[in-house]
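The values are calculated or read from the model by the stated rules, or taken from the named source; none is laboratory data. Keep in mind it's a predicted model, so treat the numbers as computed, not measured. Positions of Cβ are backbone-derived with ideal geometry, glycine not excepted, and every protein chain shown enters the neighbour counts.
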Amino acid sequence: MDKSGKWVVTRFVKDHNHPLIVTANEFSTAGNKDKKMEELMIELLQGYLLLMGLVCESLESKLITHECTVLKSVRIGFC
């Protein structure tokens, strides 16, 4: 680590006793526990997105029903 607190590569060790994973921003290690946490987080986010989609569909349906009710009442008023 340098004086600014950033990690600095000083040497390369070809043989590692753990898997090396390349992410978008950095190199990191991930054990089975980290992989399981990542899988659970993805599952949680997918469930959240599904739930939000259902909420949006429900709100859209209610809005359309309300819009139709308003349009019917306007038509009746003009008849």
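Taken as a whole, the structure places K3 among residues that are loosely packed, with under 10 Cβ neighbours inside 10 Å, modelled with pLDDT of 75 or more and basic (K, R).
Each residue in the range 9-55 was checked for being at pLDDT 80 or above and among the aliphatic types (A, V, I, L, M), and 12 pass.
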